[in-house]
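See structure below.
Laboratory data are not the source of any read-out in this text; all were calculated from the coordinates shown. Predicted model, so just to flag it, every value in this text is computed and none were measured. Positions of Cβ are generated from backbone atoms using ideal geometry, with glycine treated the same way; all protein chains shown enter the neighbour counts.
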Amino acid sequence: MIQTYINEIGQYVGKEVSIKGWLYNKRSSGKLRFLTLRDGTGLLQGVMFKDDADEGTFSLFDRLTQESSLKVNGVVRQDHRAPGGYELAIRRIELIQIAEEYPISPKEHGTAFLMDHRHLWLRSSKQHAILLVRDEIISACRDFFHERGFVLVDAPIFTPNASEGTTALFETEYFGEQAYLTQSGQLYNEAAAMAFGRVYCFGPTFRAEKAKTRRHLTEFWMVEPEMAFYDLADTMDLAEDFITYLVQRVLKNKEKELILLERDLEKLGKVVKPFPRISYDDSVQILQEKGIDFKWGEDFGAADETILSNEFDKPIIIHRYPLKSKAFYMKTDPQNHQLALCLDVLAPEGYGEIIGGGQREDKLDELEKKIKKHKLPFEVFKWYLDLRRYGSVPHAGFGLGIERTVAWICGRSHLRETIPFPRLLSRIYP
Ligand code: 4AD
Ligand code: MG
């Protein structure tokens, strides 16, 4: 007997195969019985005719409940009407477990209920499709950097210092010392870039943000490249190439999932470089011309970002924000000392910021002044300052938030559906 998976069944037309999975649904009509089997790789329709199946199998069918686990044997048939293009003529069903009454039924459920059942909700077709797209995006991130000679150098999760400001830190005790969960691998990435040239890190990051919005998780995944000898313009080029690559990869390999999610593929198809590049100053002007009461120096809110991105049908790069609103490590723009050599990438269609980054302060005395200005403790940055003592070079990098990217590419409005088990301000279960 050939043991196979639903997504490989096309190789076995006319042959008898065995598939292990779960009952998605079933129905009967006269002497016919239909079931849909789910095995993690896809859905498969099985048909059973009373006279072809053994007695035990036929009566077992009637006892099967949604999500019961089973092994099904049958002959593969090509059938253009069946979802997936194949159908199984069932000969035998072996029961593994009869499932108790499954809490998630095809009827509508509220968000709180689904979130409480996230461990089961993952089996539903839309959630399944989103996480397949996430998997594709993560593989594409790794491929993109490896193909270009970047080295993966992971950053620690426990850190003695903050990187993105001290207000959103998760504090923990580390054998009697104060420690924090990392907000970004960037500072360690800078050390790695001085050792390997071009590097990236990819891992979970944490922000104790009290924000109860659809764009904030307290635990999210970030992929962060860091490049020695890159300036801001080089970094914008890389960000543009990277996003184009991710979107085109998903379009190529996960089209079926995007269609299931009712995503507008034409809009994604337009995501090819070059992207519009707009300075912060010009962005402020665009907002003011639209009658928005926006003061120079403020950070853009979600509504402002949507107004700006709606002007274009591609991601946009906004560069050179006011220095005072940004993290301590940003390099001052030599042309205008009020500005930082930084960039954000905003996704189109109002999905907001997906990338933040820029050029780093590479001069020792300037960096020391910035640490002082931000009232950060020198002690924990001794190692970081060393990077400016021993062969300091211009360097830059950025971080891309995986969940915000998944939300945009899948067309989901809330980040809670873009990570297997979301951690939110008011949720740590399941
Ligand atoms: O703009 P951020 O804060 O940049 C940094 O952390 C830099 N140190 C990265 C670097 O240069 N290496 O965060 C980068 C990205 C954001 O653009 C967004 O996509 C995501 O991380 N992000 C979040 N995603 C989900 N929930 C949150 N609370 C997020 N905060 C940031
Ligand atoms: Mg940012």
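Details
- Theoretical gain in end-to-end length, F378 to D54 [0.36 nm per residue, Cα-Cα removed]: 109.0 nm
- Whole-number percent relative contact order across the stretch 2-97, with pairs defined as alpha carbons under 8 Å at least 6 apart: 31 percent
- Length available on full extension from Q285 to N25: 0.36 nm per residue minus the Cα-Cα distance, which gives 88.0 nm.
- Extension gain (nm, one decimal) between T65 and K270, 0.36 nm per residue minus Cα-Cα: 69.3 nm
- Overall form of the chain per C-alpha gyration tensor (a/c, 1.5; a/b vs b/c): prolate
- The distance linking the stretch 33-83 with the stretch 204-218 is 43 Å (Cα centroid to Cα centroid, whole angstrom).
- Over 18 Å between alpha carbons, listed pairs K326/K375; K26/K50; K326/K372; K290/K314: K290/K314
- Remark: H395, H374 ranked as H374, H395, counting other beta-carbon atoms within 10 Å and listing the fewest first.
- The GNM of the chain, with springs linking C-alpha atoms under 10 angstrom apart, assigns the highest mean-square fluctuation among V393, V47, V271 to V47.
- The residues neighbouring A211, those whose beta-carbon lies less than 15 Å from its own, together hold a net charge of +2 under the Lys/Arg +1, Asp/Glu -1 convention.
- Top positive-direction residue, dipole computed over the stretch 118-417 with Cβ charges, set P204, A193, A302: P204
- Each Cα pair under 8 Å and six or more residues apart adds its sequence gap; the mean of these over the residue count of the chain is a relative contact order of 13 percent.
- Helices of the chain meeting both criteria, an alpha-carbon length of 30 angstrom or more along the long axis and an average Kyte-Doolittle score not below 0.0, with helices taken as full DSSP H segments, are 232-253.
- Note on the chain: with a GNM built from Cα contacts shorter than 10 Å, the maximum mean-square fluctuation among D386, D154, D234 falls on D386.
- Likely footprinting exposure, T159, T41, fewest C-beta neighbours within 10 Å first: T41, T159
- Separation in nanometres of the label points that stand 7 Å from Cα toward Cβ, at Q78 and K256: 1.7 nm
- The chain: calculated mean residue ellipticity at 222 nm from DSSP helix runs of at least 4, using -39500 (n - 2.57): -8500 deg cm²/dmol
- Rounded to the nearest 20, the Cβ-based charge dipole of the stretch 65-161 about its Cα centre (Lys and Arg +1, Asp and Glu -1) stands at 280 debye.
- Legend: ranking of residues E100, E87, E219 from fewest to most surrounding C-beta atoms inside 10 Å; resulting order E100, E219, E87.
- Highest mobility in the GNM of the chain, judged by mean-square fluctuation with C-alpha springs under 10 Å and restricted to R214, R416, R404, is found for R214.
- Between the C-alpha center of the stretch 176-196 and that of the stretch 223-296 there is a gap of 26 Å.
- For the peptides 332-344, 301-313, residues were scored by their other Cβ atoms within 10 Å and the scores averaged per peptide; the highest-first order is 332-344, 301-313.
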